[in-house]
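Single-structure report; data block below.
The values are calculated or read from the model by the stated rules, or taken from the named source; none is laboratory data. Here the structure is a predicted model, which means the values were calculated and not measured. Here the Cβ is made from the backbone with ideal geometry for all residues, glycine too, and neighbour counts use every protein chain on show. In case anyone asks, the SASA skips ligands and DNA or RNA and just uses the protein heavy atoms, side chains included. Shrake-Rupley method; radii C 1.70, N 1.55, O 1.52, S 1.80 Å.
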Amino acid sequence: MSDWYRDFAHSGIGTTITKQLGLPRPGVLRRYEPGQPLLPGPAVVGSAGEGRLRETLSAVLKDAGVSTDDDGGKPAAVILDATGLTGPADLAAAHDFLAPAVKRLRPSGRVVVLGDPASDADSPAAAAARQALDGLVRSIGKELRDGSTANLLYVPAGAEASVASPLRFFLSGRSAYVDGQPVTLSTAEIPDQDDVRPLDGKVAVVTGAARGIGAAIAKVMARDGAHVVAVDIPAAGQSLADVANEIGGTALQLDITAPDAAQRLIAHLEERHGGVDVVVHNAGITRDKLLVNMDAARWNSVMAVNLQAQLDITQALLEGDVFKPGGRVVAVSSQSGIAGNRGQTNYAASKAGVIGMVRAWAPAFAERGATINAVAPGFIVTEMTAQMPFGTREVGARLNSLQQGGLPVDVAETIAWLSQPASAGVNGQVVRVCGQSLLGA
Ligand code: NAD
């Protein structure tokens, strides 16, 4: 989908007008294409504090074919290892490294900072310095322009092997619309995977796959090698079949709120596929009204689809044998579940509930070598947003650090990354795909 304003802002006359009036100039985002290198140029790597991850970083970057030779030109990424900070004074080294390096960053560049979680610190001063990275990275995200992003990885001691998958994600075009996000890693066994088809041989269920974001998720998971079981309501049967046929997947007509929905899904997976590796809870509905005008039907239907069905299906997965070892669950939440939204008390409550569910289940999933995470999309350009009044749509799309709406594929890429075998060290996290929205940031 084209962004008329971004195209205008980069045209000859548009460049002059937007610069003179100080209007936003959204960058063209670098998005993933199979076969492209992880980064279109070198990465500049530096450290502040002890720099415990030096060897890990150099191994990951070498493996990914990323050059770390700094020729003084424009780097495609700036990576700071800020592990081992003992107090605020150590942060000066972070500033000294980042300021000149970020100044040289090329468009659609990446800033990734790695630090220790504040919760593990052995002194308040160390905790303060570690937490300071959060404010630092979020602010860099807000200062960057031209489609560049800044993200933060908190790496506990012993979780070094977990770094490769999220670091590659944040550097790649897969994370185009993920900005200003902290992700805390955990210790896990990291299996090998094929980097071109990381989901090869996996069976993945995607609910709400007949259109919109769900259809994009199904396509990206299939591109990455998965056999996709595309689920949607019978009324969406034709478009569901079209999506499944296009990607060589299976269509399953199922209303996920039906009393026997979880049992029917599991029976299908056992009989037809011998199990399931990935479940993406994407199906969702809105029934907006101000709280004071909201009837019980609106409240109940949103809770049933957006939250209760996710709980019931996940519970059933854990009780039987169908969910394979190393399985992945990714639940779609929303920015509304973090920031709240006028007219969406039901929707925001359901989407905040999804976050509570994911966090509560993460330890039990870790015990099985599995993970459960949430993604929270912000303003994503879909047929639904195309129907919004012009002014509302433009304001919604621009109120983020990347000054544009995201695409369904941006949500899909993030979900596909969390579904990878090598993402075993990312568990119980909420990753916003919102271009660092100003709402609830
Ligand atoms: P959409 O309405 O285009 O698609 C949702 C799909 O879910 C539809 O195909 C629908 O038939 C299906 N569905 C609804 N109820 C179902 C049920 N009971 N059983 C099975 N399938 C059912 O929505 P979308 O914009 O693609 O959103 C996908 C997800 O992303 C939703 O969870 C939504 O809340 C979330 N989200 C979207 C945005 C956005 O900007 N579009 C932002 C934040 C979060």
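Of note:
- Positions within segment 49-85 being open to solvent by less than 10 Å² (accessible area, probe 1.4 Å), touching a Ser or Thr at 6+ places or on another chain (Cβ under 9 Å) and either of a type in the set (D, E, K, R) or within 24 Å of ASP120 (Cβ to Cβ) (or both), in sequence order: GLY51, LEU53, LEU57, ILE79, LEU80, ASP81, ALA82, THR83
- Restricting attention to segment 86-138 and to residues that are among the acidic types (Asp, Glu) and closer than 20 Å to GLY158 by Cβ, the residue that is surrounded by the fewest Cβ atoms within 10 Å (Cβ to Cβ) turns out to be ASP122.
- Segment 264-298, subset within 15 Å of the ligand (Cβ to nearest atom) and under 22 Å from ASP321 (Cα atoms), residue surrounded by the fewest Cβ atoms within 10 Å (Cβ to Cβ): ARG264
- The requirement of being within 14 Å of the ligand (Cβ to nearest atom), modelled with pLDDT of 95 or more, crowded, with 24+ Cβ neighbours inside 10 Å and over 15 Å from the mean Cα position of the chain (by Cα) is not satisfied by ASN346.
- Test: residue in segment 23-43 that is more than 27 Å from the chain's Cα centre (by Cα) and within 27 Å of GLU394 (Cα to Cα): yes
- PRO156, sole failed condition from (1) in a strand (DSSP E or B); (2) surrounded by fewer than 20 Cβ atoms within 10 Å (Cβ to Cβ): (1)
- Restricting segment 383-405 to residues that are in a loop (DSSP other than H, G, I, E, B) and within 23 Å of SER108 (Cα to Cα), the residue that is nearest to the ligand (Cβ to nearest atom): GLY405
- Yes/no for ASP200 being closer than 22 Å to GLU160 by Cα, away from the ligand (no atom under 11 Å from the Cβ) and open to solvent by 40 Å² or more (accessible area, probe 1.4 Å): no
- Scanning segment 203-231 for residues that are in contact with a strand residue (DSSP E or B) (Cβ under 9 Å, 6 or more places away or on another chain), closer than 23 Å to PHE379 by Cα and within 9 Å of the ligand (Cβ to nearest atom) yields THR207, GLY208, ALA209, ALA210, ARG211, GLY212, ILE213, GLY214, ALA215, ILE217.
- Close pairs from segment 62-75: first in contact (Cβ under 8 Å) with a residue 60 or more places away in the chain and in a loop (DSSP other than H, G, I, E, B), partner open to solvent by less than 50 Å² (accessible area, probe 1.4 Å) and of a type in the set (A, V, I, L, M), Cβ under 7 Å, at least 6 apart: ALA64/LEU38; VAL66/LEU38; VAL66/LEU39; VAL66/ALA43
- Matching residues in segment 5-45 - criterion: being basic (Lys, Arg) and open to solvent by 40 Å² or more (accessible area, probe 1.4 Å): LYS19, ARG25, ARG31
- Any hit, segment 94-103, residues being more than 24 Å from ARG31 (Cβ to Cβ) and assigned to a strand (DSSP E or B): no
- Of all residues making up segment 159-172, the number that are out of contact with any helix residue (DSSP H, G or I) (no Cβ under 6 Å at 6 or more places or on another chain) and in a loop (DSSP other than H, G, I, E, B): 2
- Only residues that are surrounded by 17 or more Cβ atoms within 10 Å (Cβ to Cβ) and within 16 Å of the ligand (Cβ to nearest atom) were counted in segment 312-338, giving 13.
- ALA188 vs. criteria within 13 Å of the ligand (Cβ to nearest atom) and of a type in the set (Gly, Ala, Ser): no
- VAL178 vs. criteria assigned by the TED database to the domain that holds GLY158, under 17 Å from the mean Cα position of the chain (by Cα) and β-branched (Val, Ile, Thr): yes
- Those residues of segment 349-367 which are within 20 Å of ILE415 (Cα to Cα), open to solvent by 20 Å² or more (accessible area, probe 1.4 Å) and of a type in the set (D, E, K, R), in sequence order: ARG359
- So ALA210, is it touching a Leu at 6+ places or on another chain (Cβ under 9 Å) and over 19 Å from ARG264 (Cβ atoms): no
- Within segment 406-441, the set of residues being in contact with a Pro (Cβ under 6 Å, 6 or more places away or on another chain) and in a helix (DSSP H, G or I) comprises VAL411, PRO421.
- Residue check: GLN253 meets all listed conditions (1) within 13 Å of the ligand (Cβ to nearest atom); (2) crowded, with 18+ Cβ neighbours inside 10 Å; (3) not small (Gly, Ala, Ser) but one, namely (2).
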